[in-house]
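Structure first, then comments.
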Amino acid sequence: MRIGALEAGGTKMVLGVFDEEGHLLEDTKLPTRAPAQTMPELLAWFQERQIDRLGIGTFGPVDLRETSPDYGTITATPKLDWRDYPLLKTLQEGLGVPCVIDTDVNAAALAECWLGAARGCENAVYVTVGTGIGAGICVGGKPVHGLMHPEVGHMLLRPHPLDPMPQGICPYHESCLEGLASGPAIAKRAGASAETLPEDSPAFTLESNYLAQMCVNLIMTLSPEKIVLGGGVMGRESLLDRIRKETVRLLGGYIQVPEVTARIDSYIVLPELYPISGLIGAWLLGR
Ligand code: ZN
């Protein structure tokens, strides 16, 4: 059986074909333009490879309520060409094979939970910190949907007292996590892109505080067995350790389990399958 995997991102589409054992047989990337340009190219690539199933991890928001008439449709995305686009239906009809859809971050969380950094955990969170901030959540080994799907990037935070930009940049909430701690928020605050800032920049003091607030909120609400932090911003080496220390500090001794009090270094970790966590997750969905 040949299983197609699609990681549909805001800037690029990553396409792969796997066998049942998870060997990646072939892959390619396409820029994400308007659906009228991108979708025919994408469908043709999978058609030529005669896949039997397709797993999809997509950017969102996306309607994941299986009983909804809009199941698998992209909803209120700022990418206007894709707003209300029936992604799942188009792929199912175009390829004529069973397709399974979830968010890109839920797919990545599934992959890290089953095969990566959170292997052996039933309850884990995968967060990507980059142009935006998103998180996939697995509970009982399965991605969480619920009412819609989690939108961890928009959790509200307490602005740091030394933040010169406490209002943040999210057009919906200003000082939510994404508004305060995404790559563009770091760049706007510092007047320079995150990659060019020195390790000791005050920007990373704020960044570690915000990501630690997120970890605390995740620990308090979901009680995960592992938190996996990925994405471009996490490429800064010193950041991970600062987030761990700040998380412990903000927890204030309230959570007394050895994973947090003694083994925080193996509790908040980097992904193991980066940069293809999402594609492997899409394969798992398809399989
Ligand atoms: Zn927001």
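Brief remarks follow.
- Rounded to 10°, Cα long-axis angle of helix 202-222 versus longest principal axis of the chain: 70 degrees
- Protection proxy ranking of 232-239, 190-197, 10-17 - average other beta-carbon atoms within 10 Å, highest first: 10-17, 232-239, 190-197
- Debye intensity ratio I(q)/I(0), log10, the chain, q values 0.16 Å⁻¹ (C-alpha model): -1.25
- The range 264-287-the range 1-73 distance, computed between alpha-carbon centres (Å): 17 Å
- The chain - mean residue ellipticity at 222 nm from DSSP helices (-39,500 (n - 2.57) per run, n ≥ 4, rounded to 500): -10500 deg cm²/dmol
- Debye-sum result for the range 1-94 in log10 I(q)/I(0), which assumes one identical scatterer on each alpha carbon, at q = 0.13, 0.16, 0.17, 0.26 Å⁻¹: -0.42, -0.64, -0.72, -1.44
- On full extension, the segment bounded by R83 and R287 gains 70.6 nm, given 0.36 nm per residue less the C-alpha separation.
- Intensity falloff of the range 198-258 expressed as log10 I(q)/I(0), Debye formula with alpha-carbon point scatterers, at q = 0.18, 0.19, 0.22 Å⁻¹: -0.63, -0.69, -0.90
- The range 166-287 gives an Rg/Rh value of 0.99, both radii derived from C-alpha positions and Rh following Kirkwood.
- The fraction of accessible area contributed by carbon and sulfur in the range 165-287 is 55 percent, rounded to a whole number (1.4 Å probe; ligands and nucleic acids excluded).
- Structural descriptor for the chain: relative contact order 21 percent, calculated from alpha carbon pairs under 8 angstrom and at least 6 residues apart.
- Each peptide in 215-228, 119-132 was scored by the mean count of other Cβ atoms within 10 Å over its residues; highest first, the order is 119-132, 215-228.
- Projected area averaged over orientations for the range 124-167, convex hull of C-alpha atoms, nm²: 4.3 nm²
- Other residues whose C-beta falls under 13 angstrom from the C-beta of L64 contribute a net charge of -4, scoring Lys and Arg +1 and Asp and Glu -1.
- Ratio of Rg to Rh over the range 42-194 (Cα coordinates, Kirkwood Rh, two decimals): 1.03
- Sequence-distant lysines (8 or more away, or on other chains) whose Cα lies within less than 19 Å of K226: K142, K245
- The chain - share of DSSP beta bridges that are antiparallel (%, nearest 5): 60 percent
- Restriction of the trypsin sites (Lys or Arg not before Pro) in the range 238-276 to DSSP coil positions whose beta-carbon has at most 12 other beta-carbons within 10 angstrom yields R263.
- Portion, in percent, of the accessible area of the range 1-131 that falls on carbon or sulfur, probe 1.4 Å: 48 percent
The values are calculated or read from the model by the stated rules, or taken from the named source; none is laboratory data. It should be emphasised that the depicted structure is a prediction, and the values quoted were computed from it without experimental measurement. Reconstructed Cβ throughout: ideal geometry from the backbone, glycine too, with neighbour counts over all protein chains shown. Remember, those area values only see protein heavy atoms, side chains included, never the ligands or the DNA or RNA. Shrake-Rupley method; radii C 1.70, N 1.55, O 1.52, S 1.80 Å.
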